[in-house]
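First, the structure itself, so that you have it in front of you.
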Amino acid sequence: MAPAVASFTENVISVRDLTFSYPGTAVPILRKVNLEVRRGEFIALLGSNGAGKTTLAKHFNGLHCPTSGQVLLHGRPTTELGLRELAKIVGYCYQNPDHQIFSSSVENEVKFGPRNLGLTGEALASRVSEALAVVGMTEFAASNPFVLGRGRRQLLAVASILAMDPELLVVDEPTTGLDLSGAQQIMRVLGRWHEEGRTMVVITHDMDLVVEYTTRCVVMADGQIIDDGPTQEVLRHNDTMRAAGLEEPAVVTISDRLSRFGSARCKSIADVVADVGAHMEAEHAGRL
Amino acid sequence: MTAAIEVAGLWLAYPGADTAALRDVAFSVQRGELMLIAGPSGAGKSTLCSCLRGLVPNTIVAETRGQVKVAGRQVLGPEPVPSSDDVALVLQDAEAQIIGMSVEDDLAFGPENYGVPAEEIRARISEVLDLVGLRGLEKRDTYALSGGQKQRLAIASALMIRPAILILDEPTSELDPVGKAQVLEIISNLRTETSTTVVIVEHEIGRFASVADTMLLLDHGAVAAYGNPASLVSDIELFERVGGERPPPAAELARRMRDARLVECPSYGLDLGRALADIERELESHGSCSR
């Protein structure tokens, strides 16, 4: 898994005027959506329940086909790409790991994807062991996935996609049903994966995790993109946040209120307090 | 007040498990009260919910000791009786609970089986659709609902039987913040308009502790803390020890400010506004003192 070089100039995905309705329904779920996903980004796809986040994300690897408009992977429409090509570029992790897991052992579950991409022997084995190591599940290789807790099943779902070494990873609500340590464990795995140069799109409602990990926020409401920009800016757009059913994370509120006391970063409350401490100390030293 | 739920010395082990899922759990919930249950994954929260609903040991097989009394019936103990019909459990995985092909069908399923007249069912459907914010989706196929909409439907279907005791196992895990606030409102409304007793398992402690009467923090199957939510959430050491839950921001901020010897904050519990106002004032006075 050689780290790729992060560059924001190359589009991995281009969504052009995408409209989508489920067959037999009149109301479109997505309406004229346009989006560019650039290599090396860590995007949070935000929006209220039913805004169209999952439906949009399922277009990235051809799980859905546009009713009208286009989704391009490196400039080629998803409708013209074969399954294997799609799977090599985009990995999609389901919201509910139980929709994805079907093997009777953790190892076989992780093996399934890369084997279908044509890997065999040593190459396949090392892919599997690497992916299990990344999510910290090496010791569970022989376990039956269905005796594992929800947190570990979620990590397994991520590992089985990572094993295909996709360029872009879409993870749909990876922290649902997990406690704080489980959620942070998943996000750390995704963060490391991103640091190696991969592109990440994560669908989540957990604003604390959004502010801690992501670089860009794409906000959806009612089948359309209503805001798109750097995470730190978008989270302060009160009108779009409200329209998307979201709340400003508490750490942003705290950091903004204490900015005149030196608070500059706002990824965690610990950062805010450290910044304020450094600022007060510098002020104090200056006065002596 | 009478106790709606009484749990004493509850111990439970699943077949073949090395460790017990619940160990000496004891608490009570008075009629009309709201209890918040929290704790890290694997602490025993869902197992406890199953016991309260009367699913253990008949539907879910396990070895048990102790007693669970719900709505006056001993559902777990030496001579257990079946659970009362007006105890409803909303499962963590909403999909596992939805059976109707359409939203309307799913809502009608419970009361139809209890023989509620059609006219009354229609009235209840109308009422719960507004309560959970699914109005307009009555005819929608349940498979076409989003994750969050499914979660709302699961709560609505439980409300259709007008339960006296409502047990919710992480009912907002897939909801957006506004959806979570709505569930909080649904629960608050239930409590002011009816005498429904509510037990809710939640990871978002900051949001739900404000309306809860009591709070139970579980850790490895045992009670780590039990008592008044406002004082429990201020105990950051407790959260750090148990792990798995994010403490409310006001409590975390006060604690970190105190540890960094910046501001000698008292405990603010859930009140971030008050914590920030006090901290700003203190920091300002530091500035003027040294000037």
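The values are calculated or read from the model by the stated rules, or taken from the named source; none is laboratory data. Every value quoted in this text rests on a predicted model; they were computed, and no experiment measured them. A quick note on method: Cβ atoms are made from the backbone with ideal geometry, for glycine too, and the neighbour counts reach across all protein chains shown.
Any residue at all in the range B:96-111 that is touching a residue at least 24 places away in the same chain (Cβ under 8 Å), more than 10 Å from chain A (Cβ to nearest Cβ) and within 30 Å of B:Arg65 (Cα to Cα)?
Checking the range B:96-111: at least one residue is touching a residue at least 24 places away in the same chain (Cβ under 8 Å), more than 10 Å from chain A (Cβ to nearest Cβ) and within 30 Å of B:Arg65 (Cα to Cα).
Suppose we keep only residues that are in contact with a helix residue (DSSP H, G or I) (Cβ under 6 Å, 6 or more places away or on another chain) and within 11 Å of another protein chain (Cβ to nearest Cβ) within the range A:189-219. Which one would you say is modelled with the lowest pLDDT?
A:Leu209
Could you tell me whether any residue of the range B:71-82 is within 22 Å of B:Leu218 (Cα to Cα), of a type in the set (A, V, I, L, M, F, W, C) and surrounded by fewer than 19 Cβ atoms within 10 Å (Cβ to Cβ)?
No, every residue in the range B:71-82 fails to be within 22 Å of B:Leu218 (Cα to Cα), of a type in the set (A, V, I, L, M, F, W, C) and surrounded by fewer than 19 Cβ atoms within 10 Å (Cβ to Cβ).
Does the range A:20-32 include one or more residues that are within 18 Å of A:Leu86 (Cβ to Cβ), among the β-branched types (Val, Ile, Thr) and modelled with pLDDT under 95?
no
Next up: Can you tell me which residue in the range A:10-46 is farthest from the other protein chains (Cβ to nearest Cβ), limited to those that are of a type in the set (A, V, I, L, M, F, W, C) and part of a loop (DSSP other than H, G, I, E, B)? If you could, list the steps in order and put the result at the bottom.
Of all residues in the range A:10-46, those of a type in the set (A, V, I, L, M, F, W, C) come to A:12-13, A:15, A:18, A:20, A:26-27, A:29-30, A:33, A:35, A:37, A:42-46.
Keeping just the survivors that are part of a loop (DSSP other than H, G, I, E, B) gives A:26-27, A:29.
Working: A:Ala26: 12, A:Val27: 10, A:Ile29: 9 Å.
Among them, the one singled out is A:Ala26.
If you don't mind, another one. Can you tell me which residue among B:Arg65, B:Arg31 is away from every other protein chain (no Cβ under 14 Å), basic (Lys, Arg) and without any contact (Cβ under 8 Å) to a residue 60 or more places away in the chain?
Values: B:Arg31 fails: without any contact (Cβ under 8 Å) to a residue 60 or more places away in the chain.
Exactly one residue qualifies, and that residue is B:Arg65.
Going through A:Asp227, A:Asp239, A:Asp208 one at a time, which residue ends up being of a type in the set (D, E, K, R), under 11 Å from A:Leu46 (Cα atoms) and without any contact (Cβ under 8 Å) to a residue 60 or more places away in the chain?
A:Asp227
Scanning for something in a helix (DSSP H, G or I), surrounded by fewer than 20 Cβ atoms within 10 Å (Cβ to Cβ) and basic (Lys, Arg), does the range A:124-140 turn up at least one residue?
There is no residue in the range A:124-140 that is in a helix (DSSP H, G or I), surrounded by fewer than 20 Cβ atoms within 10 Å (Cβ to Cβ) and basic (Lys, Arg).
Output the residues belonging to the range B:12-27 that are assigned to a loop (DSSP other than H, G, I, E, B) and of a type outside the set (S, T, N, Q).
Once the filter is applied, which keeps residues that are assigned to a loop (DSSP other than H, G, I, E, B) and of a type outside the set (S, T, N, Q), the range B:12-27 yields B:Tyr14, B:Pro15, B:Gly16, B:Ala17, B:Asp18, B:Ala20, B:Ala21.
Assess whether B:Glu202 counts as being touching a residue at least 12 places away in the same chain (Cβ under 8 Å), in contact with a Phe, Trp or Tyr (Cβ under 6 Å, 6 or more places away or on another chain) and within 14 Å of chain A (Cβ to nearest Cβ). I'd like the intermediate steps shown before the answer.
On the way: touching a residue at least 12 places away in the same chain (Cβ under 8 Å): yes; in contact with a Phe, Trp or Tyr (Cβ under 6 Å, 6 or more places away or on another chain): yes; within 14 Å of chain A (Cβ to nearest Cβ): yes.
Yes.
Report, ordered by the first and then the second residue, all pairs with beta carbons closer than 7 Å, sequence separation of six or more or different chains, a first member in the range A:136-163 that is touching a residue at least 24 places away in the same chain (Cβ under 8 Å) and closer than 18 Å to A:Gln95 by Cβ, and a second member that is of a type in the set (Ser, Thr, Tyr) and in a loop (DSSP other than H, G, I, E, B).
If the second residue must be of a type in the set (Ser, Thr, Tyr) and in a loop (DSSP other than H, G, I, E, B), the pairs left are A:Pro145/A:Ser103; A:Arg150/B:Ser41; A:Gly151/B:Ser41; A:Ala157/A:Tyr94.
Can you name every residue in the range A:239-265 that is more than 21 Å from B:Pro247 (Cα to Cα), at pLDDT below 90 and more than 12 Å from every other protein chain (Cβ to nearest Cβ)?
A:Ala264, the sole residue that qualifies.
Say we look at the range A:173-220 and pick out the residues that are more than 26 Å from A:Val15 (Cβ to Cβ) and of a type in the set (D, E, K, R); which of these is surrounded by the fewest Cβ atoms within 10 Å (Cβ to Cβ)?
A:Arg192
If you take the residues of the range A:273-288 that are more than 9 Å from chain B (Cβ to nearest Cβ) and touching a Phe, Trp or Tyr at 6+ places or on another chain (Cβ under 9 Å), which of them is nearest to A:Gln232 (Cα to Cα)?
The first filter runs over the range A:273-288 and keeps only residues more than 9 Å from chain B (Cβ to nearest Cβ), leaving A:275, A:278-279, A:281-282, A:285-286.
After this cut, where a residue has to be touching a Phe, Trp or Tyr at 6+ places or on another chain (Cβ under 9 Å) as well, the list is A:275, A:279.
Working: A:Asp275: 17, A:His279: 21 Å.
Among those that are more than 9 Å from chain B (Cβ to nearest Cβ) and touching a Phe, Trp or Tyr at 6+ places or on another chain (Cβ under 9 Å), it is A:Asp275.
Still on this model: What are the residues in the range B:146-196 that are among the hydroxyl-bearing types (Ser, Thr, Tyr) and not in a helix (DSSP H, G or I), if any?
Once the filter is applied, which keeps residues that are among the hydroxyl-bearing types (Ser, Thr, Tyr) and not in a helix (DSSP H, G or I), the range B:146-196 yields B:Ser146, B:Thr172, B:Ser173, B:Thr194, B:Ser195, B:Thr196.
Okay, next question. So, in the range B:53-79, exactly how many residues are at pLDDT 95 or above and closer than 27 Å to A:Gly182 by Cβ?
Of the residues in the range B:53-79, 0 are at pLDDT 95 or above and closer than 27 Å to A:Gly182 by Cβ.
Limited to the range A:74-105, what total is found for residues that are at pLDDT below 90 and among the aliphatic types (A, V, I, L, M)?
Residues flagged as at pLDDT below 90 and among the aliphatic types (A, V, I, L, M) within the range A:74-105 amount to 3.
Still on this structure, please answer the following. Restricting to the range A:47-99, and then to whatever is in contact with a Pro (Cβ under 8 Å, 6 or more places away or on another chain) and not in a helix (DSSP H, G or I), can you tell me which residue is nearest to B:Gly136 (Cα to Cα)?
Applying the filter and picking the extreme gives A:Thr67.
Is it the case that some residue within the range B:77-91 is within 14 Å of chain A (Cβ to nearest Cβ), out of contact with any helix residue (DSSP H, G or I) (no Cβ under 7 Å at 6 or more places or on another chain), in a loop (DSSP other than H, G, I, E, B) and without any contact (Cβ under 8 Å) to a residue 40 or more places away in the chain?
no
Now a separate question. Return a yes/no flag: does the range A:64-82 have any residue that is without any contact (Cβ under 8 Å) to a residue 40 or more places away in the chain and either among the polar types (S, T, N, Q) or on the phi > 0 side of the Ramachandran plot (or both).
Yes.
Return the total of residues in the range A:87-110 being of a type in the set (Ser, Thr, Tyr) and under 14 Å from the mean Cα position of the chain (by Cα).
2
Those residues that are away from every other protein chain (no Cβ under 11 Å) and either in contact with a Phe, Trp or Tyr (Cβ under 7 Å, 6 or more places away or on another chain) or modelled with pLDDT of 90 or more (or both), I need them from the range B:235-277; list them, please.
The one that is away from every other protein chain (no Cβ under 11 Å) and either in contact with a Phe, Trp or Tyr (Cβ under 7 Å, 6 or more places away or on another chain) or modelled with pLDDT of 90 or more (or both): B:Arg274.
Exactly one condition in (1) farther than 17 Å from B:Ala254 by Cα; (2) within 8 Å of chain B (Cβ to nearest Cβ); (3) in a helix (DSSP H, G or I) is false for A:Ala270; which is it?
Unmet for A:Ala270, out of (1) farther than 17 Å from B:Ala254 by Cα; (2) within 8 Å of chain B (Cβ to nearest Cβ); (3) in a helix (DSSP H, G or I): (1).
Then there's this: Checking B:Asp93 against (1) over 20 Å from the mean Cα position of the chain (by Cα); (2) closer than 21 Å to B:Ile161 by Cα, which single condition isn't satisfied?
B:Asp93 satisfies all of (1) over 20 Å from the mean Cα position of the chain (by Cα); (2) closer than 21 Å to B:Ile161 by Cα except (1).
Identify all residues within the range B:181-216 that are closer than 22 Å to A:Gln95 by Cα, surrounded by 22 or more Cβ atoms within 10 Å (Cβ to Cβ) and not β-branched (Val, Ile, Thr); write none if there are none.
The answer is B:Glu202, B:His203.
Can you pull out the residues in the range B:278-291 that are touching a residue at least 12 places away in the same chain (Cβ under 8 Å) and more than 8 Å from chain A (Cβ to nearest Cβ)?
The answer is B:Asp278, B:Glu282.
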